[in-house]
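J.: Once you've had a glance at the structure underneath, I'll fire off some questions.
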Amino acid sequence: MDWNFASAVVTGGAGFVGSHLCERLLSLGTKVVCVDNFATGARENLWELLDTPGFSLVEADVTTWPADPPGDVDLVFHLASPASPRDYLRLPFETLAAGSTGTAWALDLARRHDARFLLASTSEVYGDPGQHPQREDYWGNVNPIGPRSVYDEAKRYAEAYTAAARREWQADTTIARIFNTYGPRMRAEDGRMIPAFAGQALRGEPLTVAGSGEQTRSICYVDDTVTGLLALAASTHPGPVNIGNPHELTVLEIAEEIRRLTGTRAPIRHIPAAEDDPRRRCPDIGLARAELGWAPEITSADGLARTLRWFGGPASRSA
């Protein structure tokens, strides 16, 4: 990867993926300004970075903060948004604002500095997909007024705004559609599948699987996701590009793997399925392979073992 960015702004940089991205950017010699209001991000995610030369933290909401960070900006990553169902259902208007006003602010910042702009979008733009696996040319099957719509439609709007900026302003933009990402620094209480299963298994509680558990997910370890985001930023591709793991697993298979890695004898308990929960979710990453030379390298067994160790579990097997 040819990396030529001296400085970057990361909105949502105190979040799960954002903090890993800030860390990797610093390792590449890029100065980083992290902008976060800590609505869902955590200051402890940044503790090891706060005294690192080249890192600065701005505590602000990107939907209301009008200021420029000090110095030049070569690259803007817009990650700011609640991302878990529990968070965006709790913060519906903040989620919509992050995708609309926040995207406009981040793009305007990139435009003023003639910087490369990367929008962190999501596989949720595909909704409950009618195409499998999902390619970037698929327009999706999204309920625009359902409970998940505040997140889905915020990201779809953000993509539309980013595409308009590229057409009308000739802005240097790209869009990453991130599929299920997991790893250290996920919040145990954020309501997503892997931290929920991990916490239940480590406490010896039943693992609660929504619906039949036959719905599929494709889980990508955070290190691989960050590598994909950096490769896309360093490219000239406008996106959208899927960033995810094409290895498809059922939710039941993920629960069983976590049971095995933790050694728990706790049973699996089925609970009602969430409204508009996608039945199948798997990326086609042919475009990422061809244009970025990127594909995930960390197996689910290895990634889950690393994640469980971070949560304090006994998992130690490497794939």
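The values are calculated or read from the model by the stated rules, or taken from the named source; none is laboratory data. Keep in mind that what you see is a predicted model, and the values were worked out from it rather than measured. When we count neighbours, we look across all protein chains shown, and the Cβ atoms used for this are built from the backbone with ideal geometry, even at glycine.
J.: When the residues of segment 90-105 are narrowed to those that are under 17 Å from the mean Cα position of the chain (by Cα) and aliphatic (A, V, I, L, M), which ends up nearest to ASP152 (Cα to Cα)?
T.: Across segment 90-105, the extreme among qualifying residues is LEU96.
J.: Just the residues that are buried (at least 23 other Cβ atoms within 10 Å of the Cβ) and either of a type in the set (S, T, N, Q) or farther than 16 Å from LEU109 by Cβ (or both), please, taken from segment 19-34.
T.: SER19, LEU21, CYS22, LEU25
J.: Residue by residue through segment 139-185, note down the ones that are small (Gly, Ala, Ser) and more than 13 Å from the chain's Cα centre (by Cα).
T.: GLY140, GLY146, SER149, ALA154, ALA158, ALA160, ALA163, ALA164, ALA165, ALA171
J.: Next question, about the same structure. Hey, can you tell me all the residues within segment 101-157 that are closer than 21 Å to LEU232 by Cα and hydroxyl-bearing (Ser, Thr, Tyr)?
T.: THR103, SER121, THR122, SER123, TYR126, TYR138, TYR157
J.: Let me ask you something else. Any idea which of PRO53, PRO82 is in a loop (DSSP other than H, G, I, E, B) and surrounded by 20 or more Cβ atoms within 10 Å (Cβ to Cβ)?
T.: PRO82
J.: What is the number of the single condition among (1) at pLDDT 95 or above; (2) buried (at least 19 other Cβ atoms within 10 Å of the Cβ); (3) under 20 Å from GLY312 (Cα atoms) that ASP223 does not meet?
T.: Evaluating ASP223 over (1) at pLDDT 95 or above; (2) buried (at least 19 other Cβ atoms within 10 Å of the Cβ); (3) under 20 Å from GLY312 (Cα atoms) leaves (2) as the failure.
J.: Could you please let me know if PHE16 is over 20 Å from ALA110 (Cβ atoms), in contact (Cβ under 8 Å) with a residue 12 or more places away in the chain and aromatic (Phe, Trp, Tyr)?
T.: yes
J.: So, one more: Just to check your reading of the model, which residue among LEU118, LEU91 is surrounded by 19 or more Cβ atoms within 10 Å (Cβ to Cβ) and out of contact with any Lys or Arg (no Cβ under 6 Å at 6 or more places or on another chain)?
T.: LEU118
J.: Across segment 121-144, what is the number of residues that are under 29 Å from THR64 (Cα atoms), in contact (Cβ under 8 Å) with a residue 12 or more places away in the chain and surrounded by fewer than 17 Cβ atoms within 10 Å (Cβ to Cβ)?
T.: Counting residues in segment 121-144 that are under 29 Å from THR64 (Cα atoms), in contact (Cβ under 8 Å) with a residue 12 or more places away in the chain and surrounded by fewer than 17 Cβ atoms within 10 Å (Cβ to Cβ) gives 1.
J.: Which is in contact with a Lys or Arg (Cβ under 6 Å, 6 or more places away or on another chain) and not assigned by TED's automatic domain parsing to the domain that holds PHE77, of THR208, THR173?
T.: Answer to the selection: THR208.
J.: Let me ask another. Looking for whichever is closer than 24 Å to GLU291 by Cα, at pLDDT below 95 and surrounded by fewer than 24 Cβ atoms within 10 Å (Cβ to Cβ) here; the options are ASP74, ASP2. Which one fits?
T.: ASP2
J.: If you don't mind, another one. Please go through segment 183-231 and pick out each residue that is small (Gly, Ala, Ser) and within 20 Å of ARG24 (Cα to Cα).
T.: Within segment 183-231, GLY183, GLY228, ALA231 qualify.
J.: Being aliphatic (A, V, I, L, M) and closer than 16 Å to ASP74 by Cβ is the filter; apply it to segment 18-64 and report the residue that is nearest to the chain's Cα centre (by Cα).
T.: LEU21
J.: Look through ALA273, ALA319 and report the one residue that is over 28 Å from ALA160 (Cα atoms), touching a helix residue (DSSP H, G or I) at 6+ places or on another chain (Cβ under 7 Å) and at pLDDT below 95.
T.: ALA319
J.: Of all residues in segment 276-300, which are surrounded by fewer than 15 Cβ atoms within 10 Å (Cβ to Cβ) and at pLDDT 90 or above?
T.: If the condition is that a residue be surrounded by fewer than 15 Cβ atoms within 10 Å (Cβ to Cβ) and at pLDDT 90 or above, then GLY286, ARG289, ALA290, GLY293, ALA295, GLU297, THR299 are the ones that fit.
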